[in-house]
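This report refers to the structure that appears directly beneath it.
The values are calculated or read from the model by the stated rules, or taken from the named source; none is laboratory data. Bear in mind the structure is a predicted one, so any value in this text is a computation, not a measurement. Note: ideal-geometry Cβ built from the backbone for every residue, glycine included; neighbour counts use all protein chains shown.
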Amino acid sequence: MWLLFAALSAVFAALTSILAKIGIENVNSNLATAIRTIVVVIMAWGMVFLTHAESGLSEISRKSWIFLILSGLATGASWLCYYRALQLGEASKVVPIDKLSVVLTLILAFIFLHEEFTAKSLIGCILIGAGTLIMVI
């Protein structure tokens, strides 16, 4: 099931880039990010209430709160930078650079989460890096 959701995530991320590029024309990138964020907040809380997950709010540990807040700050910073880059550059060049996050995630997962970094992971990182370079040149 995770594979289906990962594939859907890729589809929606692609739509996000195209729709955002069209939507930010003549709009301040920070304002556009704020509007997008409001929509995401409403949608996320809608899913919480739809699935009756709100009862789990009181069970979240202090550690989880801290890391979820830090993750939210990282997401916000990423979105602000992404929208500004998308406003200034071509989507076909901004998006591949943004997707270098895959390479960075694999490296950080190895360092901080002690996840396995295999020869296959290394080859994948090299190919993603090379592919990104080829696409933006």
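Residues of the range 121-136 that are surrounded by 13 or more Cβ atoms within 10 Å (Cβ to Cβ) and of a type in the set (A, V, I, L, M, F, W, C): C125, I128, M135, V136. Within the range 41-60, can you find the residues that are under 23 Å from T75 (Cα atoms) and of a type outside the set (V, I, T)? Across the range 41-60, the qualifying residues are M43, A44, W45, G46, M47, F49, A53, E54, G56, L57. Scanning the range 52-62 finds no residues that are basic (K, R) and touching a helix residue (DSSP H, G or I) at 6+ places or on another chain (Cβ under 9 Å). The one condition from (1) farther than 30 Å from L133 by Cα; (2) exposed (fewer than 10 other Cβ atoms within 10 Å of the Cβ) that I22 does not meet is (1). Is the range 45-65 home to any residue that is hydrophobic (A, V, I, L, M, F, W, C) and within 15 Å of the chain's Cα centre (by Cα)? No, there is no match, as no residue in the range 45-65 is hydrophobic (A, V, I, L, M, F, W, C) and within 15 Å of the chain's Cα centre (by Cα). The conditions of being of a type in the set (A, V, I, L, M) and assigned to a helix (DSSP H, G or I) are met by V11. Quick one: would you say S55 is under 25 Å from I38 (Cα atoms), modelled with pLDDT of 95 or more and of a type in the set (S, T, N, Q)? No.
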